[in-house]
Amino acid sequence: MNRNTPSDVDVDADAALEADPPTEGVDGTDDDFEAGAQYDPDLDAENEATPCSYTDYRSGETVEDLPATGEGATGVEAAVWDALYGVEDPEMPVSIVDLGLIYGLVVEDGHATVDMTLTYSGCPARDMLQDEIRETVADVDGVESVDLRLVWSPGWTIEMVTEQGRSDLREFGLSV
Amino acid sequence: MASAESVTADDLSADERDALEALLLRLADDEFVLAERYTEWQVRSPTLESDLALSNNAQDELGHARLWYDVLEDLGYEEHELIYEREADAWRHSTLVERPFPGGDWADAIVRHYLYDVAEKRRLEALEDSAYPKLADRVGKIQAEERYHLEHAQNWMERLADDDADDGGRERLQQAVDRLFPYALTLFAPVDDETEATIEEAGFRDATLEELATDWASEVVPFLEGLGLDVPIGEDDVLDLDPDVPRGRDGDHTDAWADLREEFTSTYRELGRSGATKIMEKPE
């Protein structure tokens, strides 16, 4: 589809990222109005200044143990985590691990199993991102085969983003 | 999570596999075909915001269709076979979603959007505890995205029905309700009675179609009436289908479906494709 939405974060997630917009200058005091204008609180209440009807942004619940971040991993698994940290979201300079997309990683006898999710069911970068992750993991010394499993439960929310991820997204210009 | 999944397609009896397939095709096909129709509004919606919103809904529905087609792969199908190579009469969507929009009528798009999304909400709730884990696992993700759709539809319904606007909005809504309501009832039409019974006995869905239809009507009818609209509903049984309206669920569709399918499969056929398109080839 010819759309300019970010490839990996849908409009809803964007809305969540932009929750709590700055409210400077619209605090309802007379200072906000041109000199000479009459401030009529009743009128204002009637014509509530809501350019967008969406003011209720859901940020989601924290899920224990998610996202997986590889903390405490050793051996080949640690090396795979290092490699995964190097994979970035296709549209934002944030690692897919810090974005909270990786739900689990197990390496047994050279076979790596990765559980991951996507922020958005309609993510157009799905195939591209999955291919990149498979190749990245397969390139790690000690990994012979990769099984990448896409899971949807629990659903990704903004709460899955790590502190590092939040910092990277803020640096990018998103208020999280 | 996938690792917690216990029941798989291999554990099912032949009848249960058929029932699961029927359930999934219904879910996937509704979403896919509705998205095809929504995209017709791209760059044609009344305002930039409504254009973006409906386009985003279309993308959501395509994503949801894909989640269900993914599960169908457990039953031995591939996505490209299901979308581009399946015969028209093997599609199981409700005829509500395949109807063309008469003369660029935005009210038609909004009424359809509303009637469908209330049904979708009830249908997903009935899958939350599905005995087939891959069904239950996907529901939460879809619900989170569908909530916005319903809010969007209701918001537009209210605006179009606004008395103060005095611009004929409500008349258009009424015409769309009269036109679409008989088709909306096919959302609750059975594939066949045996299949529905198996879907329920296997615990794939924890409500009957009659229950879903009743719940749907108990939300939709008061809402429409509250907007000053008449609802063309029978006194006794909301599932009273007009015998002249093709149900879709049984493979019987309106002529508009053949045209729509012809259109979205034409490039695939012209290029002689035999697999789904990838955006880019892997680099050497």
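Of the residues that make up the range A:165-173, is at least one in contact (Cβ under 8 Å) with a residue 40 or more places away in the chain and more than 13 Å from the chain's Cα centre (by Cα)?
Yes; the residues of the range A:165-173 include at least one that is in contact (Cβ under 8 Å) with a residue 40 or more places away in the chain and more than 13 Å from the chain's Cα centre (by Cα).
Scan A:Arg126, A:Arg134, A:Arg149 and give me the residue that is of a type in the set (Lys, Arg) and touching an Asp or Glu at 6+ places or on another chain (Cβ under 7 Å).
A:Arg149
Take the conditions modelled with pLDDT under 95 and on the phi < 0 side of the Ramachandran plot and apply them to B:His80. Does it pass? Quick ask: steps written out before the conclusion?
On the way: modelled with pLDDT under 95: yes; on the phi < 0 side of the Ramachandran plot: yes.
In short, yes.
Consider the range B:83-98. How many of its residues are surrounded by fewer than 20 Cβ atoms within 10 Å (Cβ to Cβ) and either among the charged types (D, E, K, R) or farther than 23 Å from B:Ser266 by Cβ (or both)?
Of the residues in the range B:83-98, 4 are surrounded by fewer than 20 Cβ atoms within 10 Å (Cβ to Cβ) and either among the charged types (D, E, K, R) or farther than 23 Å from B:Ser266 by Cβ (or both).
Within the range B:104-128, how many residues turn out to be crowded, with 20+ Cβ neighbours inside 10 Å and within 14 Å of chain A (Cβ to nearest Cβ)?
Within the range B:104-128, residues that are crowded, with 20+ Cβ neighbours inside 10 Å and within 14 Å of chain A (Cβ to nearest Cβ) number 2.
Select the helices (runs of 4 or more DSSP H) contained entirely in the range B:129-223, then report the ones holding at least 2 residues which are open to solvent by 30 Å² or more (accessible area, probe 1.4 Å) and within 25 Å of B:Asp240 (Cα to Cα).
Ranges flagged: B:169-184, B:193-201.
For the range B:68-82: of the residues being open to solvent by 60 Å² or more (accessible area, probe 1.4 Å) and of a type outside the set (Gly, Ala, Ser), which is nearest to A:Arg149 (Cα to Cα)?
From the range B:68-82, those open to solvent by 60 Å² or more (accessible area, probe 1.4 Å) are B:73, B:76-78, B:81; that's our starting set.
Those left that are additionally of a type outside the set (Gly, Ala, Ser): B:73, B:77-78, B:81.
Working: B:Glu73: 14, B:Tyr77: 18, B:Glu78: 17, B:Glu81: 22 Å.
Ranking the qualifying residues of the range B:68-82, first place goes to B:Glu73.
Among the listed residues A:Glu71, A:Glu64, which satisfies the condition of being open to solvent by 60 Å² or more (accessible area, probe 1.4 Å), within 14 Å of chain B (Cβ to nearest Cβ) and closer than 27 Å to A:Arg170 by Cα?
On the way: A:Glu71 fails: within 14 Å of chain B (Cβ to nearest Cβ).
Answer to the selection: A:Glu64.
Report, ordered by the first and then the second residue, all pairs with beta carbons closer than 9 Å, sequence separation of six or more or different chains, a first member in the range B:137-151 that is more than 7 Å from chain A (Cβ to nearest Cβ), and a second member that is of a type in the set (A, V, I, L, M) and outside any helix (DSSP H, G or I).
B:Val139/B:Leu127
Take B:Asp11 and tell me if it is away from every other protein chain (no Cβ under 13 Å) and open to solvent by less than 10 Å² (accessible area, probe 1.4 Å). If you could, list the steps in order and put the result at the bottom.
Values: away from every other protein chain (no Cβ under 13 Å): yes; open to solvent by less than 10 Å² (accessible area, probe 1.4 Å): no.
Considered against the rule, which asks whether it is away from every other protein chain (no Cβ under 13 Å) and open to solvent by less than 10 Å² (accessible area, probe 1.4 Å), B:Asp11 comes out as no.
For A:Ala19, all conditions in the list (1) modelled with pLDDT under 80; (2) loosely packed, with under 10 Cβ neighbours inside 10 Å hold save one; what is the number of the exception?
All conditions are met except number (2).
Among B:Ala53, B:Ala58, B:Ala28, B:Ala65, which is hydrophobic (A, V, I, L, M, F, W, C), open to solvent by 10 Å² or more (accessible area, probe 1.4 Å) and either within 8 Å of chain A (Cβ to nearest Cβ) or part of a helix (DSSP H, G or I) (or both)?
B:Ala53
The values are calculated or read from the model by the stated rules, or taken from the named source; none is laboratory data. Fair warning: this is a prediction, and the values are worked out from it, not measured in the lab. Using ideal geometry, Cβ is built from the backbone for each residue, glycine included, and neighbour counts are taken over all protein chains shown. Surface areas here come from the heavy atoms of the whole protein model, side chains and all, with no ligands, DNA or RNA. Shrake-Rupley method; radii C 1.70, N 1.55, O 1.52, S 1.80 Å.
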